[in-house]
1. Counting just the residues of region 387-409 that are of a type in the set (Lys, Arg) and closer than 14 Å to LEU310 by Cβ, which one comes out surrounded by the most Cβ atoms within 10 Å (Cβ to Cβ)?
2. Only residues that are basic (Lys, Arg) and modelled with pLDDT of 90 or more: list them for region 333-344, please.
3. Between GLU137, GLU121, which is in a helix (DSSP H, G or I) and at pLDDT 90 or above?
4. Quick check, is ASP319 under 30 Å from GLY115 (Cα atoms) and crowded, with 18+ Cβ neighbours inside 10 Å?
5. So is ARG110 basic (Lys, Arg) and either buried (at least 20 other Cβ atoms within 10 Å of the Cβ) or in contact with a Lys or Arg (Cβ under 6 Å, 6 or more places away or on another chain) (or both) or not?
6. So, in region 390-418, how many residues would count as being outside any strand (DSSP E or B) and touching a Ser or Thr at 6+ places or on another chain (Cβ under 8 Å)?
7. Are any of the residues in region 373-386 crowded, with 18+ Cβ neighbours inside 10 Å, more than 17 Å from VAL232 (Cβ to Cβ) and charged (D, E, K, R)?
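The values are calculated or read from the model by the stated rules, or taken from the named source; none is laboratory data. This is a predicted model, so every value here is computed, not measured. Every residue, glycine among them, receives a Cβ derived from its backbone with ideal geometry; neighbour counts consider all protein chains shown.
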Amino acid sequence: MSATRHSFAQFGCAAFADNARTYAYHRWACANDMYPSECQPDLFECACDLDDPLIPYVDPASDPAPWYDANDPASTEFLGAMITKVDGANDSTIKRDPVDAFGDGTILNRARLAGRSFTFEMLLLSTSCRGADFGVEWLRRVFETDLCLCGEDPCGSCYGKRLTLRRSCEDAYPCDTGLRSWESVGVVDGIKIQADDDLAKCCCVAQRVTLVLQSESPYSYGCEDIACNQTVDPEGFTVCYDWSTGCLECCTDKACDRCLNDPLCSCFAAQDPEPQSATSTEDCFCEPIQKYVQCCCIEDVGNAAYDTALRIELFSGFDVANDEDALAFTELGLRNVRVSIFDNPENLTCISDEDSYQEWCESRIDPRFEIEIPYVPSNAMLVLDGRSNRAILECEGSCRPFPYQISNTKGKLFPLVTNCASMMLCIEWDVFNTQDRSGLDKQLSSATVTTYRRWLS
C-alpha cells in the first residue's frame, strides 16, 4: 500500500473522505461486477495503513458506511469520496501589508496569522447514477447543515465544526498518529462537480468535485491528553483567611437569565463580547474565607516545534435535596473559583499538602495565568477553550457565550497557550460556595484540564 499525505478527512462527526474505505468498496464493486460495462474506474490504492479499521471494510451496508440508509437502496450504490489533492493545509498564513514611507523605503505593518483555507479535490465513486446523486446530496448535508448541538455533539460547536485531516502516514511523536484538527471550520465554497472529459463516458461512476473550507484560526491541534481531573475533596487540605472582602447583595432583577447572570451581581445583556480584562470581576469575585486547594503537574508541554493549548472544563455540581443548604446552592451556584497555572521549568514538587503549598508561596513564583470565576450556575459546565479562544457555558441543554464575569488577573483571558517544559495547575474552591457533598441526589463540583499540541499549520 502506498502512503499519501492526505488520505482521510472528517468534518464534525462525519468522515466525508476516507481513501482506505473507498478503495475497499471499489474492490468489492469490481469483484461483484457492479459497475456498468466498460465503466470500471482504473484506480490505484492511495491510502494509509493507519486508516485501516480493526475489522476490514466489506460494503456500505454491512459496515455500515457513514452515509448508509437502510431505507434507501441508493445509499449502497455510493462508494465514497477519495481525496486526490488538498491545497492550503501546509501553507503559511502569515500576512503583512507594506505601505510606502513618506521618504525612501517601505514601512512594514504588524504581521498577523490569517485563518486557513483548505481546497479539497475529490473523486466520488458510485455504481449507478442514483448512487452518484445520493452521494452528492449526502456530502451537501454534511457541509451545508449548520446544527448547534453543543453539549450533545462532541464533534462540533456553536461556532463551526472541527476539521480533522491526515497530515502524514507515519507516527511523528508518541501520541501523534498523523491526524491534525482545526477548530471553528466552515464552508466558504460548497461541493462543485467538475467537468472531466476522461470521465465523461462514465459520468455516473466517477465524478470529480471540489470543496473549499475555511478555519478561523491557522493553528492545528493534536495529541489530546487529559492532564488533570480534579473533583473537590473535602478531606484534602484547606487554606484559611481571617478576612473577607464581603459579598454582594442579591440583585432584585428577577428577569436575569440564571445561566448567564450572577444573582449576586448585576445582570448582563445577552451578547457575545470580547473576553474580559482583569477588571471585569473586581466587583463580583469574593476572596474566600476558606478554600480547598487541589493541584496537579502537567509534563511534556511544548518544545521547539509546537505549543500547548489548554481546555478547562469546570462543572459546578448540583444538589436536588430539599434542605436549606441545597436550595442555597441551587440558587447561588458555584462561586469564587480560582484557576492558577504556573510555569515549572525546574520541576518543583507539585503542591499536595499545606507544607508544599507554603513552599510555593514562599518561592513567590507568579502564575502565568490566574483565572478568577465568580459564578457558575448549578448543574452547568463552563468551558474555557484555548483552541477556539472562547468561553462557553453548557446550561439547560444549550450552549451560550459566557465571557462576562471571567478574568485573568495577568491580562487577557486568551490565548490559553503555553510553551514551557512543564506546568503546575492549581484549583482553589470556596469552601462555603462549592458543592462538596456527594450522594444519589448530589454531584460534586469538578474540573478537567485537557492539553492539545498546537502547530502553526
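1. Keep residues of region 387-409 that are of a type in the set (Lys, Arg), which gives 387, 390, 400.
From what is left, the residues that are closer than 14 Å to LEU310 by Cβ are 387, 390.
Details: ARG387: 24, ARG390: 22.
Only one residue fits best here, namely ARG387.
2. If the condition is that a residue be basic (Lys, Arg) and modelled with pLDDT of 90 or more, then ARG338 is the only one that fits.
3. GLU137
4. So ASP319 does not fit the description; no.
5. Answer is no for this residue.
6. In the first step, residues of region 390-418 are kept if they are outside any strand (DSSP E or B); the result is 396-397, 402-406, 409-410, 412-416.
When the remaining residues are screened for being touching a Ser or Thr at 6+ places or on another chain (Cβ under 8 Å), the result is 404-406, 412-413.
Residues meeting the conditions: 5.
7. yes
The rows are residues; the columns are (1) over 27 Å from VAL185 (Cα atoms); (2) in the same structural domain as VAL205 (by TED's automatic domain parsing); (3) in a helix (DSSP H, G or I).
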{"residue": "ARG21", "(1), (2), (3)": "no, yes, yes"}
{"residue": "ASP33", "(1), (2), (3)": "yes, yes, no"}
{"residue": "PRO36", "(1), (2), (3)": "yes, yes, no"}
{"residue": "GLN40", "(1), (2), (3)": "yes, yes, no"}
{"residue": "LEU54", "(1), (2), (3)": "yes, yes, no"}
{"residue": "VAL58", "(1), (2), (3)": "yes, yes, no"}
{"residue": "ASP63", "(1), (2), (3)": "yes, yes, no"}
{"residue": "PRO66", "(1), (2), (3)": "no, yes, no"}
{"residue": "ASN71", "(1), (2), (3)": "yes, yes, no"}
